[in-house]
1. Given a Förster radius of 35 Å and the C-beta distance between V436 and L92 as r, what FRET efficiency does 1/(1 + (r/R0)^6) yield to the nearest 0.05?
2. Describe numerically, in nm with one decimal, the distance between label points set 7 Å from Cα along Cα→Cβ at S536 and at C302.
3. Of all chymotrypsin sites (Phe, Trp or Tyr not before Pro) in segment 550-653, which ones are in loop regions per DSSP and have a Cβ with at most 13 other Cβ atoms within 10 Å?
4. Taking loop as defined by DSSP and a crowding limit of 13 other beta carbons within 10 Å, which GluC sites (Glu not before Pro) in segment 474-553 fit?
5. Beta carbons within 10 angstrom, averaged per residue: use that to sort the peptides 308-315, 636-643, 601-608, highest first.
6. Just flag the GluC sites (Glu not before Pro) in segment 562-655 sitting in loop per DSSP whose Cβ has no more than 15 other Cβ atoms within 10 Å.
7. Taking 60 Å as R0, compute the FRET efficiency from the Cβ-Cβ separation of E527 and D265 and round it to 0.05.
8. Using label points projected 7 Å from each Cα along Cα→Cβ, tell me how many nm separate N357 and E76, to one decimal.
Amino acid sequence: MRGLKLIESFKGTQVHALNPPDTTVVNSTGSSSTSSKLGNHRVKFIGSKLKSNKARSGSGAKTLLPFGLPRTDLLEPPIEPHLKSIQLVETLSNLYRRFETCSESEKSLVCIEQYSVLSCLGDPKLLRRCLRAARQHAFDLPSKVVLSAWLRYERREDELDGVSPMDCSRFVLECPKAALVSGYDPNSIYDHCKCYQERSEFTQVSKGDEFLALEEDSDICFRVGNEDINCIRFKIAALSTPFKAMLYGSFTESKSYRIDFSQNDISVEGMRGVDLYSRTRRVDSLSPEIVLELLSFANRFCCEDMKSACDIHLASLVSCIEDALDLIEYGLEERANALIASCLQVLLRELPSSLYNPKVMKIFCSFEARERLASARHASFLLYYFLSQVAMGDSMVSNATVMLLERLGECATEKWQKALALHQLGCVLLERKEYVSAQCCFEAASEAGHVYSLAGMARCRYKQGQQYSAYRLTSSLISEYKAVGWMYQERSLYNVGKDKIADLETATELDPTLPFPYKYRAVSKAEEKQTRAAISEIDRIIGFKLVPDCLELRAWFLMAIEDYGSALRDIRAVLTLDPSYKMFNEQVRGDILIEFLNYKVQLGSQADCWMQLYDRWSSVDDIGSLAVIHQMLVNDPGNSLLRFRQSLLLLRLNCQKAAMRCLRLARNHSSSEHEKLVYEGWILYDIGHREEALARAEKSISIQRSFEAFFLKSYTLADSSLDPESSSYVIQLLQEALRCPSDGLRKGQVSNSTLRLCHWTIFFILFDCFWSYFTGTQQFRHNLCGLW
């Protein structure tokens, strides 16, 4: 949810119910100056205020609502930094047709365009599928490096303890070694990961062969300083065309035995390395410093094979950020493609932590840095798209984010790429309160064909005091294009009275998933002292879409009517979705508020919590169940079973990223091997690796027969196929699961799954019966017997 993914960080914004915490003055150029004197002391101030209220033993909502309730005039939906098509189905259909008809070299970029269009939906599995398809169809080295790092970054929340960023967990599409092999292989997705291959791809030459090569007779000598290096003339000539012309052409060196190389910027050790390579065609026995010298030498004398060997060997030596920062400069200077790719791969796989390294940002952010990468053919739209997504997810207002988006715009070649870069830059500048510059970006994005950017343009005008101009712009949008929910939502900001409410109602009718209309109507009712009606209004969206800021808003209302138990439930649920969430306009940590609410609510023991969990789970009160588990984990944070239950609830509520975080914690806290395998299996299943998940389940069963292992195996098989034969086998597995010890809640869930699978089996047999009957085949009687 909020903070785990860029889409959630915009759809799940916090409730800005108070006066803005900083004083902002917009100058004539549209930029802003911000004063935040209390920024570092805000949490201490809130905590002391709550403590002082508690100390006065005051009862009532004011004790826990020191800043009052939210206000409608400060509520505002964000401009989402994604491409939003007003005809999404048609756009996706066109992309599918293009993917089917374009050449193999274009398929990867079409998948990335599909990713950018689907980002507005916020479905992590769908987006990951696009990235996997893009990586599978990638041809060139830079694209493979970026996409493998991007896939690795997207599953960082699922990562287990002790795993290196360079570890791909045997997933070939994320393999760092496979990414350094250029070319397209349609079967690459089925290959084994190159990190775990026992044999090297390169032919190894024995030490004896190397010794014999060095013993060959020399017939030429290169002098470097006061040293002579004996070489073999024809082998040196075979290194490049210039050497061949020098040693066998009309130059004087062709008749000389001793050639002075002192003025060619090479050391004695370097020239010995050249001789060694000319005899053995290997550089792996040389030190990195000598190999770097040979790389420069190969560039000067056009020794392509030597350059390639040095390039590949140096690329294999890059293993950490320090190595990458040291070697990438050499790679850029010498145009060593593999070395640059290997260095970039390490830097990208360390994201987002490498964003805080000024040396890393120096490589990517400036215009000159992009020019250097472009000269080596490594500055691509794909690279800066990935970097800008990571930067925006980390901080929307940082200078690094702005610079990366500027570089993204410079790399954009197609229309949709320019629209995306300009729109995202506009969103960042709007967040930085640079309204004039943001308006220019939104306007340019709309001219590139992105209609949604007009909403950003209207918002910038509104922020500059041009409310009527913003209203006219959004009204022209509604009249000119097919009506979409966000158009009416945007116009409601600039409307007043009944017209404002009418726009919000229309927005909800066109798109019921928009949270802002529900929040506005709820806060409006709360302002009219209709707090229970406000709770009912916000319940409308919480019932089908769990958004942290809506839960927070309901908690505000519940505290206002002194229903502290329900408010505590909602706050615990919010912290389950995002443990770092802050309440009261991001001024109070959720755990601090829970501490003060605990004085108002009688807390039960761990045994009481288990009884509450049983009741709430049985009544399908998922939010209540999350709250009870959160309370239990405070007392027992290392309980892997509770973490697993938490993940099951979150998956049922369609909160995938939070669920994966809980699964990872369950695996890391588990003490038994068979349990760890089950949790790893669920993580693998969720990210699309069903075969690996099935293997984990079978291995867990071989160690110890358990309910969860059988359930994982049956669930994975059921998702792979729904034909009658496989359904029967899945039902047998579920029956085996029921024979294993477990609690009634999980066994009840399996019983429901078994019944559902029986229904599916009957449905498929009935379908076969009717199909065989209408097609006149002889299978009708057989299928009817099967149904019986």
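1. So, using R0 = 35 Å, E works out to roughly 0.50.
2. Each label point lies 7 Å from its Cα, and together they span 8.5 nm.
3. Passing both the DSSP loop test and the Cβ count: Y599.
4. For GluC sites (Glu not before Pro) across segment 474-553 that sit outside H, G, I, E and B with at most 13 neighbouring Cβ atoms in 10 Å, the list reads E528.
5. My ranking of the peptides, most packed first, is 308-315, 636-643, 601-608.
6. Those that pass, being in a loop and sparsely packed, are E562.
7. 0.20
8. 3.8
The values are calculated or read from the model by the stated rules, or taken from the named source; none is laboratory data. It should be emphasised that the depicted structure is a prediction, and the values quoted were computed from it without experimental measurement. Neighbour counts are summed over all protein chains in view; Cβ atoms, including those assigned to glycine, are modelled from backbone coordinates with ideal geometry. When the accessible area is computed, the model is the full protein with side chains, heavy atoms only, and any ligands, DNA or RNA have been set aside. Shrake-Rupley method; radii C 1.70, N 1.55, O 1.52, S 1.80 Å.
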